[in-house]
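Beneath this line is the structure, given in structure tokens, with notes to follow.
What follows draws every value from the coordinates through simple rules; no lab data is involved. On a predicted model such as this, the values are computed, not experimentally measured, just so you know. Reconstructed Cβ throughout: ideal geometry from the backbone, glycine too, with neighbour counts over all protein chains shown.
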Amino acid sequence: MIKHISIAAIFILGITVSSEAQLTAQQAVDGMARGINIGNSLDAYPNETSWGNPPIMESYLANLKKEGFDAVRIPITWNNHTMYTPPYTIDTTFMARVDSVVHWALENGLFVIIDAHHETWLKESLAGTSVTLADGDSIARFDSIWSQIATHFKDASDSLIFEILNEPDPMTQSNVNALNVRELKIIRKTDPTRVVSYSGYMWSNSDQLVTAEIPDSSSKYLIGYYHSYDPYPFGLKGGDTTDAAILSAVNGKLDQVTAWSKKTHIPVILDEFGFMNKCIYNTRMYAYATVIDQALQHGVPAFAWDDGGDFAIYNRKAGTFNEIEDILIHTYPQSPDGLKIIQITPTSVELQWHNRNAESDSITVERSVATDLDFNRYAVVPPNDSILIDNSISGANTYYYRLKIMMKDSTELQSYPIMVNATLTGIQSMSPLTQFELSQNYPNPFNPSTVIGYQLSAKSSVTLKVYDVLGRLVKTLVDANESMGNHEVTFNAGSLPSGVYFCRLQAGRYSKTRKLLLLK
């Protein structure tokens with residue numbers, strides 16, 4: 001498999017660190033771009049396999065690096081493996097197990113984040129507004145845990161990062177601020193230059209990070225982290241939402257944290273994001289691609305949440321990845337986007353997309369009919385094409401499509417996949433649109449204007465948009481009349497150059513596209 005190294009290198013170009021130098025937080029962030037979590041394993045309780053996943057294998061870490069990941073976050077819950085009374089010793093067998101997994105990752109050239117994850121015993125003890133860190137024994141136990149972790153890994157590669165506490169809810173903001181300062185000082189006794197990550201209170205969202213107290217504003221070895229399953233409730237509860245809502249939510253968070261990072265000089269990472277499998281498939285795939293695309297553009301490393309269940313990406317028993325892995329690895333700001341099904345009939349599917357890359361000499365359209373998503377080449381089209389009709393669908397099959405571009409430097413760019421079920425194609429018979437024609441015979445040319453006519457058999461809102469061959473919107477045609485009967489709208493292309501255009505009409509849930517040829 002051809003990897004993404006060449007384009008990814010633009011995000012770390014110019015970062016040179018000698019083998020003897022200690023990585024700063026910024027250098028660590030510059031070396032990361034695409035990360036993944038190994039959730040519901042070492043953070044499961046009472047033991048690693050209690051939540052249905054097999055033990056983490058060395059081959060998993062090797063596979064992550066082979067596929068193109070830069071970093072892995074290994075959530076760890078210490079509670080069930082630590083004495084409840086002084087000196088709060090961590091079980092040696094469990095520490096050895098953590099050590100093995102961490103070093104497998106480091107030996108495979110991955111950045112590694114380990115944390116204190118489901119430490120409910122600590123969080124609940126520091127929840128009340130009248131409670132301080134001095135109350136009770138929980139804080140002493142947590143101090144000991146971090147002291148032991150820091151001591152054990154003091155000689156480990158500086159690619160190992162400590163995360164103080166995952167999602168501190170229901171702790172108060174003041175107690176989270178105080179805890180971050182306290183544990184950082186404990187870690188610094190043993191690891192004065194270890195990169196350490198911290199968050200704000202509650203669920204570690206971006207709002208909480210930017211309002212949190214900075215544990216040490218003078219440190220070069222501090223990272224701020226945040227989590228985002230936004231837009232909520234889509235990410236965490238499933239269902240559907242709009243592409244616009246996803247893009248707005250993702251960019252809103254990234255804009256917020258990068259502005260904060262610029263102001264505070266503290267680099268930031270998104271070390272948990274995801275969209276559960278109860279989400280509508282096409283929207284879910286778009287959401288994963290949007291996070292990676294926008295995170296790369298903002299320079300923020302993004303770690304997908306993989307728990308082997310509702311957010312599964314890697315099948316830990318079979319040792320295989322699903323299609324989300326391809327999104328995480330092969331999405332770039334230059335990847336094709338806007339992939340949509342714009343028309344469905346019982347025997348055909350019409351695809352539309354936008355090619356954002358000027359270097360490519362062709363686009364490969366891949367299709368899968370199998371449930372295991374084994375994509376195969378269906379067609380190769382010129383780079384300027386933005387529409388393709390598949391006239392070979394039939395029966396009760398479910399079809400998946402995606403686009404692939406191979407760059408001159410062998411970097412592979414992909415779009416996110418989309419799905420269509422041929423049994424759900426009764427859209428035509430339910431459509432209020434009974435006619436969609438041009439004033440000239442089809443095919444046409446026209447100069448400089450043409451009349452677009454359509455007929456509605458039922459009252460319906462209608463949108464008409466004209467795109468160029470690159471899929472760029474060049475004109476929105478307005479017809480405010482939603483009544484039944486014949487309609488005509490004039491498309492005046494006097495300001496546009498000669499060439500091929502596409503007019504897309506949407507009536508209710510139904511859409512139809514006509515090719516336009518403008519000759520001047």
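Counting Lys and Arg as +1 and Asp and Glu as -1, each charge on the Cβ, what is the dipole of the chain about the Cα centre in debye, to the nearest 20?
1460
Taking the DSSP beta bridges in the chain as the whole, what percent of them are antiparallel, to the nearest 5?
70
Which listed residue (Ile90, Leu222, Ala259) has the Cα farthest towards the positive end of the charge dipole for the chain, taking +1 on Lys and Arg C-beta and -1 on Asp and Glu C-beta about the Cα centre?
It is Ala259, whose Cα lies furthest towards the positive end.
Out of every Cα-Cα pair in the chain, what percent are more than 39 Å apart? Walk me through the intermediate numbers first.
Details: 45913 of 134940 pairs.
That tail contains 34 percent of the Cα-Cα pairs.
Starting from the amide H of Ile313, placed 1.01 Å from N in the peptide plane, find each other amide H under 5 Å away whose residue is 5 or more places distant or on another chain.
Under 5 Å from the amide H of Ile313: Asp307, Gly308.
Can you give me the long-range amide H partners of Leu477? Hydrogens built in the peptide plane at 1.01 Å from N, cutoff under 5 Å, separation of 5 or more residues or another chain.
Leu464, Lys465, Val466
What is the sum of charges, Lys and Arg at +1 and Asp and Glu at -1, for the other residues whose Cβ falls under 13 Å from the Cβ of Lys189?
Summing Lys/Arg as +1 and Asp/Glu as -1 gives +2.
Given contacts defined as C-alpha pairs under 8 Å and at least six residues apart, what's the relative contact order of the chain, whole-number percent?
Once normalised by length, the contact order is 11 percent.
Using θ = phi - 60° and the Karplus curve 6.51 cos²θ - 1.76 cosθ + 1.60, what whole-Hz ³J(HN,Hα) does each residue of region 117-126 get, with Gly and Pro shown as x?
Coupling constants for region 117-126: 9, 8, 8, 4, 4, 7, 4, 5, 6, 10 Hz.
Please list the non-local residues whose amide H lies under 5 Å from the amide H of Gln343, H modeled 1.01 Å from N, same-chain partners needing a gap of 5 or more.
Under 5 Å from the amide H of Gln343: Glu350.
Taking the Cα centre of region 429-518 as origin, work out the dipole magnitude from +1 charges on Lys and Arg Cβ and -1 charges on Asp and Glu Cβ, in debye rounded to 20.
Taking the Cα centre of region 429-518 as origin, the dipole is about 280 debye.
Can you give the calculated 222 nm mean residue ellipticity of the chain, where each DSSP H run of n ≥ 4 adds -39,500 (n - 2.57) and the sum is split over every residue, rounded to the nearest 500 deg cm²/dmol?
-8000 deg cm²/dmol
Could you calculate the FRET efficiency of Lys475 with Thr347 from 1/(1 + (r/R0)^6), where r is the beta carbon distance between them and R0 is 30 Å, rounded to 0.05?
It comes out at approximately 0.45.
As I understand it, the dipole of the chain uses +1 on the Cβ of Lys and Arg and -1 on the Cβ of Asp and Glu, about the Cα centre. Which of Ser199, Cys503, Ser392 lies farthest toward its positive end?
Cys503
Report ³J(HN,Hα) in whole Hz for each residue of region 467-475, in order, from the Karplus equation J = 6.51 cos²θ - 1.76 cosθ + 1.60 where θ = phi - 60°; Gly and Pro get x.
For region 467-475, the Karplus-derived couplings read 10, 7, 5, 8, x, 8, 5, 10, 7 Hz, x marking Gly and Pro.
Roughly how far apart, in whole Å, are the Cα centres of region 182-235 and region 42-101?
Between the Cα centres of region 182-235 and region 42-101 lies a distance of 21 Å.
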